[in-house]
Structure formats: structure tokens, C-alpha cells
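Quick notes on the structure that follows.
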Amino acid sequence: MKTFRVSSFEFRVWRFNRGNPAGRLYPKPETRNSKHRLHSERGLALVVVLWILTFLSVVFTAFTFSMRTELAAAGNFRQQAEAYYLAEAGVYRAAAEIINADRDVPPDSKSYDALDEHWRANPAAYENVALGGGHYWVAVRDEESKIPLNGQISPQYDAMLRRLFSSSGVTDDKLLSTIVDSIQDWRDTDTLHRVSGVEDDYYLSLPSPYRAKNGDFDTIDELLLIKGMTPEILYGNVANLQRRAALEALLPWERELQPGESLGVARYLSIYSSGKVNVNTASPEVLMALGLTAAEVKAVLDRRTLQPFKDVRTFTDLINAIFGGGRQGFAVVPGGQPGPANPTQILAELRGTATVSAKNFSVESAARMTGSRLTVRVAAILQNDGMPGQGRSKLSIRLWSLNPMQGSS
């Protein structure tokens, strides 16, 4: 029989366990494993709960962000709607001022339209006007102050376009001829091209072919389809804002444009003009395009500042008094095109192209609600359906757009 040697400590443990089974010093193996399994299950449950809480937190955060986005979008939509109707109110305020300008209350007049009248210069009605929880700003321009892009096709019209492009910086005579002749070929209904113009045969040979329109322009941007025309010529390419502002502050004959520089011609052209130029509102560039010399333009600007022209006769009499029966010809900037030297011919042309009143007005209105950074703009072209001197009982809307560029075309 084998014998085992045990230590005194092991013997005492054996006796303790034998006499006290309920208080064993070492638990049974199966008891120890069950408790370990219980702790593992509790840890797993805790991890699952934490993952569920994390998932719910993510869902709640996403829901909160979505709700905030929806609320912001709803708020922006409400502000945009309110600002739009506020801008619309600005357009109708301009329409009321245009109508009221015929009441013959100084400085307004029924017989002419000038820059100092209330339809244009009216800070109380146009500048930062408070209404309905916001403010609006309005600018009104006379479309008859511009050269009509769809004017009558004639040598006189060709000369007007050449002078306009020349004073804006296009000094190459070949390019001038190409642009002007191509504009007329674009509009006429035949397939014969002018000396420097083009018709379908040229446009169909382009990488993206198209045909000549054989009709009037619908937008100013349509000029970019014309041979020789570029965005730089149409809108200008003087990128330095300070230099551009300095050049625009000078009269056309005072500017010294660098080779290749252009201030653009878009602002001086209109597709909504009635066909004549209002000499009370025309810019110096447009007056020179009519055929006036620098001295004549300066005299017209000084005269209308003191008192607007009440009729075309007063205007032509001033021009006649300046050159006094003789004229040295048209001079503008380097590259300017010569005009008629015959005073009789000049006056005859001015009588057919000049006016002292306006029939079409471009209106730009911008509005913003108080506390909002969202600005809404509305552009419109308003046409006077009345006759000069007979009052304006109503205006018709020729264009309504959310794109101010269309209204300023």
C-alpha cells in the first residue's frame, strides 16, 4: 500500500474542508467556471448595450442635423419668397415713379425725360427703402440712352457701330469691318455676305456649326455668335478694378487704353430701344457713336446739366452753333472712324436718330429681409404705351426675369 506525504498546510486545509463543507477554501471547479461564464455574459451584454446606445446617438444626431437642415431650408425658402415679393414691390414702385414723372412737377416733365427726374433720381423711393420686414434697392435706366442693336440696316447704322466699338478699344480696322458687316449679315434675310461679313457657309464650317439667324437679336449675348466678336470686346477685359474705374471716370477721348484693352460695349447696346437715342440720357460713348466730336459731346453734357433738351431742334441748334457751318470731321480716339464732314448731312442724320424722351425703361430691384444674408434680384423692362406729352396712363411689361443681366441688356 502506497503512502503519501502531505505538508502540514495541506493537512490543515483538508481538515478545514472536511469539517466545514459549506465554507470551502477552494471552490469546486464547476462552481468557479459558472461564475466566470456569468461575468462573461454580463460583459457581452454591456458591450451590446453600449453599441446600441452609440447607434441611437448616431441616429439621433443625424435626425437632429436633418431637422436643422430642413428648418433652415424652410426658413430660407420663406425668406426668399418674402424677399422676392419685396423686390417685386420695388419694380412696381419704379413703375409708379415713371408714371408720376409726367405730372409736370419740377423736375419732372411730360415732354422729355432727363437724368434728374424722379423716375431715375429718387433716393426716397429707391435707396434702402424699408418695407414689410426688409429693405429694397432699385435702379432705373433709360433704354433709349443706348444704341439700338436692332436698328435700321443702313450706312449710318454701320458708322454708329464702328464708332462705338472703336471708342471701347477695338482699333483694328479690319476687325471692326468684320464685326460690323457680320452683324448686318446675321440680321438680313439674304444669303449674300458683305465685303467683310459672313453667312451660313462660314458658320457651318465651325467645329460646332450653326446658321446665321437672318433676324434681329433676341439678347445681347447673341453677339458672341458673330464672327470676330469675343467676350473681351463685348464685356471688357480690364481685370484690375481700380484701373477700370479710373478709365471709366474719364471721357472717351481722355482714355489711354493699352493695346488689347477693352472696356466692353454691352452696356451701350439695347434690344429694347424704340430705335432712337435720347440725348438727355445718353452716355458720352453713345453720343460719340452718333457722330459728335469731343467738343460737341462736351457742349451737350454741359448744356443738359443746366437744362435738359426739350426737343430735338434745340439739340441740333446747339450742334450747328458749335461747328458753325463747317466741320473738320469726326475724331474720337486712335483708331476712331471718320464721320460725315457735311454739316447738313450730320444734322439730317441726327434728326432721324435723336430724341429727347424715353419709351422703354430697364428696372433692377434687389431686396433682403432684416437679419438675412439672402438677396433676391428682379429685372424688368417696362414700356411706356402712351405718347410723349400726353401722359402715361399705363406701362406694359416687356420682360420679367430673375436674371438682372437680362434687364440690363
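Could you please let me know if Ala212 is within 18 Å of the chain's Cα centre (by Cα), in a loop (DSSP other than H, G, I, E, B) and farther than 30 Å from Phe309 by Cα?
no
Do you know which residues across region 156-174 are surrounded by fewer than 18 Cβ atoms within 10 Å (Cβ to Cβ) and at pLDDT 90 or above?
Lys174
Given the residues Ser393, Ser357, which is the only one that is of a type outside the set (A, V, I, L, M, F, W, C), at pLDDT below 85, more than 26 Å from Arg255 (Cβ to Cβ) and under 31 Å from the mean Cα position of the chain (by Cα)?
Ser393
Looking at (1) closer than 23 Å to Asn360 by Cβ; (2) modelled with pLDDT of 80 or more; (3) surrounded by 12 or more Cβ atoms within 10 Å (Cβ to Cβ), which is the only condition Asp104 fails?
Result: Asp104 fails condition (3) only.
For region 136-155, name all the residues that are surrounded by fewer than 19 Cβ atoms within 10 Å (Cβ to Cβ) and either among the hydrophobic types (A, V, I, L, M, F, W, C) or in contact (Cβ under 8 Å) with a residue 24 or more places away in the chain (or both).
Those that are surrounded by fewer than 19 Cβ atoms within 10 Å (Cβ to Cβ) and either among the hydrophobic types (A, V, I, L, M, F, W, C) or in contact (Cβ under 8 Å) with a residue 24 or more places away in the chain (or both): Trp137, Ala139, Asn150, Gln152, Ile153.
Keeping to region 115-129, report how many residues are surrounded by 16 or more Cβ atoms within 10 Å (Cβ to Cβ) and within 25 Å of the chain's Cα centre (by Cα).
8
Being at pLDDT 85 or above and out of contact with any strand residue (DSSP E or B) (no Cβ under 6 Å at 6 or more places or on another chain) is the requirement here; does Arg327 meet it?
So Arg327 fails the test.
Would you mind telling me which numbered condition in (1) out of contact with any Gly (no Cβ under 7 Å at 6 or more places or on another chain); (2) outside any helix (DSSP H, G or I); (3) among the β-branched types (Val, Ile, Thr) Ile183 fails?
(2)
Condition first: modelled with pLDDT under 90 and within 27 Å of Phe309 (Cα to Cα). Now tell me which residues in region 142-153 satisfy that.
Gly151, Gln152, listed by residue number.
Quick one: Ser66 ticks every box in (1) at pLDDT 80 or above; (2) loosely packed, with under 13 Cβ neighbours inside 10 Å bar one, so which box is it?
(1)
Assuming Leu71 fulfils every condition listed in (1) assigned to a helix (DSSP H, G or I); (2) aliphatic (A, V, I, L, M); (3) modelled with pLDDT of 85 or more apart from one, which condition is it?
Among (1) assigned to a helix (DSSP H, G or I); (2) aliphatic (A, V, I, L, M); (3) modelled with pLDDT of 85 or more, the lone unmet condition for Leu71 is (3).
Exactly one condition in (1) outside any loop (DSSP other than H, G, I, E, B); (2) touching a Ser or Thr at 6+ places or on another chain (Cβ under 7 Å); (3) within 30 Å of Val376 (Cα to Cα) is not met by Asn237; state its number.
The failed condition is (1).
For region 185-221, which residues satisfy the criterion of being of a type in the set (Val, Ile, Thr) and exposed (fewer than 14 other Cβ atoms within 10 Å of the Cβ)?
Thr189, Thr191, Val195, Thr219
Of the residues that make up region 213-225, is at least one closer than 21 Å to Val286 by Cβ, β-branched (Val, Ile, Thr) and touching a residue at least 40 places away in the same chain (Cβ under 8 Å)?
Yes, that holds for at least one residue.
Which of the residues spanning region 197-216 are closer than 22 Å to Ala266 by Cβ and in contact with a helix residue (DSSP H, G or I) (Cβ under 7 Å, 6 or more places away or on another chain)?
Gly197, Val198, Tyr210, Ala212, Lys213, Gly215, Asp216
Yes/no per residue for (1) surrounded by 12 or more Cβ atoms within 10 Å (Cβ to Cβ); (2) at pLDDT below 95:
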| position | (1), (2) |
| --- | --- |
| Leu223 | yes, no |
| Lys227 | yes, no |
| Asn237 | yes, yes |
| Asn240 | no, yes |
| Arg243 | yes, yes |
| Leu247 | yes, yes |
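Do we have any residue at all in region 260-276 that's over 19 Å from the mean Cα position of the chain (by Cα), at pLDDT 90 or above, surrounded by 19 or more Cβ atoms within 10 Å (Cβ to Cβ) and β-branched (Val, Ile, Thr)?
Looking for residues that are over 19 Å from the mean Cα position of the chain (by Cα), at pLDDT 90 or above, surrounded by 19 or more Cβ atoms within 10 Å (Cβ to Cβ) and β-branched (Val, Ile, Thr), one finds none in region 260-276, hence no.
Scan region 358-374 residue by residue and report those that are touching a residue at least 60 places away in the same chain (Cβ under 8 Å), under 16 Å from Gly133 (Cα atoms) and not in a strand (DSSP E or B).
Thr370, Ser372, Leu374
Which condition from (1) under 30 Å from Ser372 (Cα atoms); (2) touching a helix residue (DSSP H, G or I) at 6+ places or on another chain (Cβ under 6 Å); (3) not in a helix (DSSP H, G or I) is the one that Ala139 breaks?
So the condition that Ala139 fails would be (2).
The values are calculated or read from the model by the stated rules, or taken from the named source; none is laboratory data. Being a predicted model, the structure only gives us computed values, none of them experimental. Using ideal geometry, Cβ is built from the backbone for each residue, glycine included, and neighbour counts are taken over all protein chains shown.
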